[in-house]
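Everything on this sheet refers to the single structure shown next.
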Amino acid sequence: MPILKKLAITHKEFEVLKNLQVRRRWDWPTVFSTNCRGEIWGFATYSWTKLEEREYIHGVSSIIDRVAEEYLNVRADGGRFFIDDEGAFHKAEPGSKVQFICFEISN
């Protein structure tokens with residue numbers, strides 16, 4: 001089992017992440033995508049997000065930038081990643097949940 005990266009964040013920083021969402025999902029508080037160029041955008045559609053529908057957020061939050069950077073270390077081509085109060089996850093296959101960052105949330 002791989003060792004998880006730990007990331008200390010505050011409740012306020014977690015709320016900022018949730019507010020970066022373009023479209024809400026019932027199953028995750030926050031969902032983002034990144035690509036091999038390091039561009040980051042919020043969830044907008046369940047399939048591939050057209051370029052004109054992407055709202056890029058790189059640089060808006062140092063937390064999301066660090067999570068996306070770590071995700072690219074796990075999956076160099078990028079893709080969709082999912083965040084809740086436990087940390088950051090990706091799906092290796094449909095229905096799976098692979099954690100790659102563990103959050104340590106403080107006040």
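The values are calculated or read from the model by the stated rules, or taken from the named source; none is laboratory data. As the structure is a prediction and not an experimental result, all values here were calculated from the model. Cβ coordinates were reconstructed from backbone atoms using ideal geometry, including for glycine residues, and neighbour counts include every protein chain displayed. Surface areas here come from the heavy atoms of the whole protein model, side chains and all, with no ligands, DNA or RNA. Shrake-Rupley method; radii C 1.70, N 1.55, O 1.52, S 1.80 Å.
For the chain, what does the relative contact order come out to in percent, with C-alpha contacts under 8 Å and a separation of six or more?
34 percent
Could you point to the residue in I9, T45, G59 farthest towards the positive end of the stretch 8-83's charge dipole, with +1 and -1 charges on the Cβ of Lys/Arg and Asp/Glu respectively?
Working it through, the farthest residue towards the positive pole turns out to be T45.
As a quick test, which of the pairs K6/K50; K5/K50; K5/K91 have an alpha carbon distance above 26 angstrom in this structure?
K6/K50; K5/K50
Around T45, what is the net charge, scoring Lys/Arg as +1 and Asp/Glu as -1 over all other residues with Cβ under 9 Å from its Cβ?
Value of the local net charge: +1.
If you count only protein heavy atoms and use a 1.4 Å probe, how large is the accessible surface of H11, to the nearest 10 Å²?
Surface open to solvent at H11 totals about 100 Å².
With each run of n ≥ 4 DSSP H residues scored as -39500 (n - 2.57), what mean residue ellipticity at 222 nm is computed for the chain after dividing by its residue count and rounding to the nearest 500 deg cm²/dmol?
Helix contribution divided over all residues of the chain: -6000 deg cm²/dmol.
Report the local net charge at S61: Lys and Arg +1, Asp and Glu -1, summed over other residues whose C-beta lies under 15 Å from its C-beta.
-4
Assign unit charges at the C-beta atoms only (+1 for Lys and Arg, -1 for Asp and Glu), then state the dipole size of the chain relative to its Cα centre in Debye, rounded to the nearest 20.
Roughly 140 debye, rounded to the nearest 20.
Can you give the % of DSSP beta bridges in the chain that are antiparallel, to the nearest 5?
Counting only bridges with both partners in the chain, antiparallel ones make up about 75 percent.
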